[in-house]
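I have placed the structure first, in the form of structure tokens, so that the comments after it can refer back to it.
The values are calculated or read from the model by the stated rules, or taken from the named source; none is laboratory data. Owing to the predicted nature of the structure, the values given are computational and were not obtained by experimental measurement. We place every Cβ from the backbone using ideal geometry, glycine too, and count neighbours over all the protein chains shown. Heavy atoms of the whole protein, side chains included, go into the accessibility calculation; ligands, DNA and RNA do not. Shrake-Rupley method; radii C 1.70, N 1.55, O 1.52, S 1.80 Å.
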Amino acid sequence: MENLPHGAARLTTQSIRSFVLRQGRMSPAQTQALATLLPVYGIPYQAAPLDLAAAFGRAAPTILEIGCGMGETTARIAAALPEQNFLGIEVHAPGVGALLKLIAEQHLANVRVIQHDAVEVVQNMIPPGSLAGVHIFFPDPWPKARHHKRRLIQGGFAALLASRLQPGGYLHCATDWEHYAQQMLEVLSAEPQLQNSAHPADGYAPRPAYRPVTKFENRGLKLGHGVWDVVFVRKP
Ligand SMILES: C[S@@+](CC[C@H](N)C(=O)[O-])C[C@H]1O[C@@H](n2cnc3c(N)ncnc32)[C@H](O)[C@@H]1O
């Protein structure tokens, strides 16, 4: 049997089922935001490359966020960095509604949203070498060993994400599950297109100033979990 690093099983990216679509309660405001704002700030999924400059109405460094949750972090970062474009991907309808509401309330002209499986979006819509960065904050940890195959950060998807980054672009993951943090470090260190930005170069990064403490992070901190940031950069 091939000796692969932790979590780097030779899965095709199509085989990652990283989420369970929960029905979830939609508030009236989220329902209304989905109905009225998705046509404005949403980008429909299509199995064809997306023209990012056309989608945002300008050419600017574009950051992809996978799994925005309720969108508070996305909105905070986008408001703080108006010169960058932010493309948020989320499958959970109440979360998409909540993010859309924040975009409208805060007049965030630099955010667009895709409500679809991020694996398919990255595979089919994001052109190679097009992203300045990727944020994956507190992805579902899938703690049981038999569910590790459902974790987003694994070999095939890491290679795909790296291919979508511009040279010098970054992939920033954060988690409050130590085992997943180790997997992130091992998988990304094994990806030849990437190098660790941390010092020393085999470790975790300090939390970058742009990342606020997220909702799920707070939940983890209350449970006594640690938090680990992993920031890798696409090689030239
Ligand atoms: C644990 S939550 C974290 C949310 C947020 N990043 C935070 O830190 O508060 C993970 C989110 O990722 C979303 N998600 C998981 N897999 C996904 C996928 N393949 N495509 C899009 N969203 C996904 C889930 O629906 C969920 O909202």
Quick numbers on the range 110-217, Rg and Dmax over C-alpha atoms in Å, give 13.8, 39
Longest the chain segment clear of trypsin sites (Lys or Arg not before Pro) sitting in DSSP loops (not H, G, I, E or B) with at most 10 other Cβ atoms within 10 Å runs 26-143
Mean 1/r over distinct Cα pairs of the range 25-234, inverted to a Kirkwood Rh in Å, yields 17.3
Computed on Cα atoms, the radius of gyration and Dmax of the range 118-168 in angstrom are 12.1, 35
Restricted to the range 123-236, the DSSP antiparallel beta bridge percent, nearest 5, is 60
Long-range share for the range 154-236, i.e. C-alpha pairs more than 16 Å apart as a percent of all pairs, stands at 51
Placing +1 on each Lys and Arg Cβ and -1 on each Asp and Glu Cβ in the range 25-234, then taking the dipole about the Cα centre, the residue among Leu81, Val96, Ala174 whose Cα reaches farthest towards the positive end is Val96
Simple spin-label estimate for Gln32/Asn124, 7 Å along Cα→Cβ, in nm, reads 3.3
Counting only protein heavy atoms with a 1.4 Å probe and every protein chain in place, the carbon and sulfur fraction of the accessible surface of the range 61-161 in whole percent equals 57
Taking R0 as 41 Å and r as the Cβ-Cβ distance between Asp51 and Arg76, the FRET efficiency 1/(1 + (r/R0)^6), rounded to the nearest 0.05, comes to 0.90
Listed by chain and number, the lysines with an alpha carbon less than 30 angstrom from that of Lys222, same-chain partners under 8 positions apart left out, are Lys101, Lys144, Lys149
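On full extension of the chain, what length is gained from His147 through Arg219, given 0.36 nm per residue of separation minus the C-alpha to C-alpha distance? Can you show the working numbers first?
On the way: separation 72, 0.36 × 72 = 25.92 nm, distance 2.13 nm.
That works out to 23.8 nm of additional length.
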For the chain, percent of DSSP beta bridges that are antiparallel (nearest 5) comes out at 35
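Rounded to the nearest 0.05, what FRET efficiency do Val40 and Arg207 give with R0 = 35 Å and r taken as the Cβ-Cβ distance? Could you check?
Values: r = 32 Å, r/R0 = 0.93.
Efficiency at R0 = 35 Å is approximately 0.60.
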Computed over the range 20-117, the distribution of all Cα-Cα distances in 10 Å bins, rounded to whole %, is 17, 53, 27, 3
